[in-house]
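The values are calculated or read from the model by the stated rules, or taken from the named source; none is laboratory data. Because the structure is a prediction, the values reported are computed rather than measured. Here the Cβ positions follow ideal geometry from the backbone for every residue, glycine too, while neighbour counts run over all protein chains shown.
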């Protein structure tokens, strides 16, 4: 116990030391204008600017916080309820799959103009923030509930307890740490959603409004200040839930190791299975349609699925629309794939290196976690400042947005490789590289696929944000332009196409994952 | 058909589908445990003894045959609060205190905890955990956790008690002590008890009858009566008669 505490204090001190070194280095780089001719201002300059702007911040912060907080609340309440439903009913899970994948794959930037055009006031911000939270918390809830210790469930069942008793007495409580970690990860997503909806929203206040307004002025310290303010907001919520999570985890962890593996999901095959899959795939379109009908938005603005098909294939302007879309895709897709591959490869290499040298993870993890909480929109202008407006900035943004979540997933996965499996090969004198080849790499496959699934929509989102804000190319630019021209057909088309592309990539990963893991007798990592 | 609080299995089968084969965990097993009797199930791993217990608890459904507990279906008996259970692993909820864990069956059955405060305090005393009422399972030793599980099994005053290797994780010394305690508790309550165990000495010491099972397919090999008078005291472990019964069970386990 005492050694433990000392070790922890040592690690904290090392982390603090690294942070101080980093800040001092940053200050030096900034003062000497070493990076991109002063695009990286010194922290002191950022702070001074922040102080000068102090009159502007409260209203902007408050507006973004309002959208993010309401969206966070609504999105997570829905997510937890849906997660419980999906965990309890395998049929509901199968039915909801299409909708869940669509929401997961949805690049928020693609539907931000639609929301802004369809709703007014705070609603677009709240809706986008809620959408950003939904998938993370929903899947965390499902994972938490389905991984409940089977032995505890048996005790309740042995006294005749049904699913209500199981939920009330065991499952929800035991899923609490997982749900809390979902909420933690959802916090930056909520801030991101709110800020993105502010971009084209026409409101007066909000960090997004402030950011767009300041983008044209050559004022790096202010952009950094806004980015850091958004990060700080997300980090605060993140820290709050991390704290609660740490406090309750020790009363949740099983005292002994479970002997039985968690149950396998219900397999529904044949005709009923095919019908379920069909309904599940049709559901997102039905929801889209039903939503517009319910709101009664004029068809000129709100395109139904048929409206989009008409715009793209049958309307008079269909041919030009197709050309514009295809040329935008030709710009966006290669960079998305390239950036994603590079980000994943980099993350995988570094995660493997961390097996050989565990010190790497320990010193790198806090930085990786902070960047996780940094909303993408805050990151993009900063990278634009650093790297200019060429295609390289797109690549860098994509690499950075895919790298961190992939690295965290992979490093955690590799950390779970069983000690004894490593000990077996070590006992025969295997060097670190043989250990990697024989144990760590094969064992980390499920996590590599999990990282890929995670990376797909983020990569597309990163590219589109960069195109919108920086380069003026590809899908992101097409979206921004169409917004300016009030070309509703194109706005809807870009949104739908980007979601479909994202789902396509996601499904390809899933199919390959299933094949590979099945052949190796492994389970996908959630 | 057994009346009262007995357990009756009639021609019970349970098959599990594995990758390409079907594993016959239980093949047409019939067993009658009269009300108030103490029956021990013993056998090699994979002989279906835990499957049998899970079926009788209503946690699993048989592929064929019928099971009745106290004249009802296992699920009905469980819902009526007639049964109690302790598993090999204590399976305590890590977020509930010792008291809270013992009260768990009451919460499942929808009974008022306030009616049982005296009962719970008495059980904590009985299993020797006085002073640990508010402790969480993570703060207890393995033996203490197992005693919480026993107390939990007894909180509803069950008429039928199922014990799945309840002392399997304990060391030999603690196990003997717990056996003596369990016999005392059982003699007071006279609940119909079905004990699954790996320990031959434990089976002989506690049971009226020892059912020796065989595997592939899981079936009953031999039923051996234990005529030792009660209460059995710890020194019974060293008597001639005790050893003779142990040898008989060992032989039956070898398939003779």
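The figures follow:
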read-out	value
Hits in the stretch A:319-363 (condition: part of a helix (DSSP H, G or I), surrounded by fewer than 17 Cβ atoms within 10 Å (Cβ to Cβ) and modelled with pLDDT under 85)	A:353, A:356, A:359, A:360, A:362, A:363
Tally, over the stretch A:155-173, of residues that are more than 8 Å from chain B (Cβ to nearest Cβ) and either in contact with a strand residue (DSSP E or B) (Cβ under 7 Å, 6 or more places away or on another chain) or buried (at least 21 other Cβ atoms within 10 Å of the Cβ) (or both)	1
Residue check for residue A:384: at pLDDT below 80 and assigned to a helix (DSSP H, G or I)	yes
Any hit, the stretch B:41-49, residues being in a strand (DSSP E or B) and either touching a residue at least 24 places away in the same chain (Cβ under 8 Å) or under 22 Å from residue B:209 (Cα atoms) (or both)	yes
Matching entry among B:56, B:25 (being within 16 Å of the chain's Cα centre (by Cα) and surrounded by 18 or more Cβ atoms within 10 Å (Cβ to Cβ))	B:56
Neighbours by Cβ (under 9 Å, 6+ apart or cross-chain): first from the stretch A:321-342, closer than 14 Å to residue A:494 by Cβ; second outside any helix (DSSP H, G or I) and at pLDDT below 90	A:321/A:315; A:321/A:487; A:328/A:473; A:331/A:473; A:332/A:473
Residue satisfying condition, being out of contact with any strand residue (DSSP E or B) (no Cβ under 9 Å at 6 or more places or on another chain), within 14 Å of chain B (Cβ to nearest Cβ), crowded, with 22+ Cβ neighbours inside 10 Å and in a helix (DSSP H, G or I), within set A:152, A:138	A:152
Qualifying residue in the stretch B:226-235 (condition: in contact with a strand residue (DSSP E or B) (Cβ under 7 Å, 6 or more places away or on another chain) and closer than 26 Å to residue B:150 by Cα)	yes
Within the stretch B:173-256, strands (runs of 3 or more DSSP E) holding 2 or more residues that are in contact (Cβ under 8 Å) with a residue 12 or more places away in the chain and surrounded by fewer than 17 Cβ atoms within 10 Å (Cβ to Cβ)	B:219-225
Looking only at the stretch B:159-172, and only at residues there that are buried (at least 19 other Cβ atoms within 10 Å of the Cβ) and within 10 Å of another protein chain (Cβ to nearest Cβ), the one that is modelled with the lowest pLDDT	B:164
Filter result (in a helix (DSSP H, G or I), touching a helix residue (DSSP H, G or I) at 6+ places or on another chain (Cβ under 8 Å) and within 13 Å of another protein chain (Cβ to nearest Cβ)) within the stretch B:114-142	B:137
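Table: residues versus (1) more than 10 Å from chain A (Cβ to nearest Cβ); (2) touching a residue at least 40 places away in the same chain (Cβ under 8 Å); (3) under 17 Å from the mean Cα position of the chain (by Cα).
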| site | (1), (2), (3) |
| --- | --- |
| B:52 | yes, yes, yes |
| B:65 | yes, yes, no |
| B:72 | yes, no, no |
| B:93 | no, yes, no |
| B:98 | yes, yes, no |
| B:106 | no, yes, no |
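To keep it simple, each residue is scored yes or no on (1) surrounded by fewer than 16 Cβ atoms within 10 Å (Cβ to Cβ); (2) at the interface with chain A (Cβ under 9 Å from one of its Cβ atoms); (3) modelled with pLDDT of 90 or more.
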| site | (1), (2), (3) |
| --- | --- |
| B:32 | yes, no, yes |
| B:40 | no, no, yes |
| B:49 | no, no, no |
| B:79 | no, yes, no |
| B:89 | no, yes, no |
| B:103 | no, no, yes |
